[in-house]
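Chemist: Handing you this structure, nothing more for now.
The values are calculated or read from the model by the stated rules, or taken from the named source; none is laboratory data. What you are looking at is a predicted structure, and each value in this text was computed from that prediction instead of being measured. Here the Cβ positions follow ideal geometry from the backbone for every residue, glycine too, while neighbour counts run over all protein chains shown. Only protein heavy atoms, including side chains, enter the accessible area calculation; ligands, DNA and RNA are left aside. Shrake-Rupley method; radii C 1.70, N 1.55, O 1.52, S 1.80 Å.
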Amino acid sequence: MSDEPGVVDQIAAEEIVARYIFSSAHFSRDNNRVKHNAFMPAPDGKTSVFRTKGLEGAAVWEIGEEVAKGRNQPLHARADITAEEVALATLKVALSEPPPRHCNIEGWPEDFALNHAHYAKGHPSKA
Amino acid sequence: MRYETGVSYKGTVRNGVVVLPPEVKLPDGAAVEIIPEGAKTGGGVSMTEARHSESQRALNSLEAVFSEGRVPGWDGYGGRAASYESYLAAKRFLGVLPGEFHVLEIALDPDGEISLEWRAGAGSTFSVSVGASGELTYAGKFSSTTKTHGTEPFTGEIPNVILGNLRRLVV
């Protein structure tokens with residue numbers, strides 16, 4: 001359950017979640033876009049994201065900086081996506097605190113080929 | 001400007017849109033390549049030179065992606081180190097890829113495999129992940145209702161089904 005005022009457990013379709021990017025291989029400066037690979041699930045089958053509802057721009061980046069510090073890796077970029085766009089790829093955003101505001105994109109099929117098919121369905125890359 | 005094949009037209013940019021002379025009739029959906037006048041050097045760039053440049057750019061991108069991904073956890077989310085076998089297979093793939101299919105982007109998947117991506121307009125995309133053991137996993141979206149995915153072996157030639165899907169993007 002979220003402890004923050006105004007942040008309810010239910011994630012609305014229009015709500016934006018941020019994927020923090022720690023690899024320059026996951027975005028393109030030339031094409032000004034995030035690559036779909038940035039959303040591929042980790043070995044645990046989940047894609048870590050953070051809710052940004054009610055936060056100003058600087059505060060959204062602060063979350064990423066905190067995550068970067070914990071992983072000892074530089075924060076390169078951020079991709080924002082709505083819960084609705086995730087749902088279009090037949091996946092879902094599920095609250096997974098702590099840390100505060102942390103969520104996972106879940107529902108990835110175990111088969112890698114199908115993972116790619118999911119990208120083809122919704123292609124959740126939005127720079 | 002020199003071309004191996006095809007024709008060229010001259011136009012101007014107005015409000016971000018390329019305006020061609022009224023006598024030029026191109027069908028809707030026709031793919032075009034724009035080379036600004038100011039970008040020409042030494043009398044122009046031939047199609048052969050442009051393709052060589054694109055090929056080199058793709059190889060440089062592949063090297064950069066592989067280099068960055070050689071350490072486990074390179075993506076900050078526990079990603080596996082880039083697979084050398086996948087890198088070599090991707091290099092062979094690029095070596096036999098027909099020149100008209102320029103790879104837009106090369107990236108690395110969390111499982112350490114190299115991924116190649118092509119795009120054509122909004123929402124039309126095709127990607128191939130090159131497996132360490134020589135399999136090519138592909139997926140494409142050509143319209144809101146036209147999608148494909150599958151796996152093919154890579155035996156040194158681009159599988160016809162992948163070439164067919166790339167043609168769907170460029171047509």
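Chemist: Quick one: if you stick a label point 7 Å off each Cα along the C-beta vector at A:Thr90 and A:Glu110, how many nm between them?
Modeler: Result for the modelled spin labels: 1.7 nm.
Chemist: Moving to a separate point now. Any of B:Lys91/B:Lys141; A:Lys35/A:Lys92; A:Lys35/B:Lys147; A:Lys53/B:Lys141; A:Lys69/B:Lys141; B:Lys10/B:Lys91 with alpha carbons more than 26 Å apart? Name them for me.
Modeler: Details: B:Lys91/B:Lys141 24 Å; A:Lys35/A:Lys92 20 Å; A:Lys35/B:Lys147 19 Å; A:Lys53/B:Lys141 31 Å; A:Lys69/B:Lys141 37 Å; B:Lys10/B:Lys91 36 Å.
As for pairs spanning more than 26 Å Cα to Cα, those are A:Lys53/B:Lys141; A:Lys69/B:Lys141; B:Lys10/B:Lys91.
Chemist: Any chance you could list P(r) for segment B:105-171, counting all Cα-Cα pairs in 5 angstrom bins from zero, rounded to whole %?
Modeler: Once binned at 5 Å, the Cα pair distances of segment B:105-171 give 4, 17, 29, 25, 16, 7, 1.
Chemist: I've got another one for you. Give me the base-10 log of I(q)/I(0) for segment A:16-120 at each q in 0.13, 0.16, 0.21 Å⁻¹, Debye formula, one uniform scatterer per Cα, rounded to two decimals.
Modeler: Log-scaled intensity ratios, in q order: -0.46, -0.71, -1.24.
Chemist: If ligands, DNA and RNA are left out, what is the accessible area of B:Ser67 with a 1.4 Å probe, given in Å² to the nearest 10?
Modeler: That residue has around 80 Å² of solvent-accessible surface.
Chemist: Between B:Thr12 and A:Ala12, what is the label-to-label distance in nm when each label sits 7 Å out along the Cα-to-Cβ direction?
Modeler: Here the modelled spin labels are 4.8 nm apart.
Chemist: Another question, if that's okay. Taking H as built 1.01 Å from N, whose amide H comes closer than 5 Å to the amide H of A:Ala77, not counting residues under 5 places away?
Modeler: A:Ile21
Chemist: Continuing with the same structure: Suppose R0 equals 25 Å. What FRET efficiency, 1/(1 + (r/R0)^6) with r the Cβ-Cβ distance, do A:Asn31 and A:Glu97 give to the nearest 0.05?
Modeler: On the way: r = 34 Å, r/R0 = 1.36.
It comes to 0.15.
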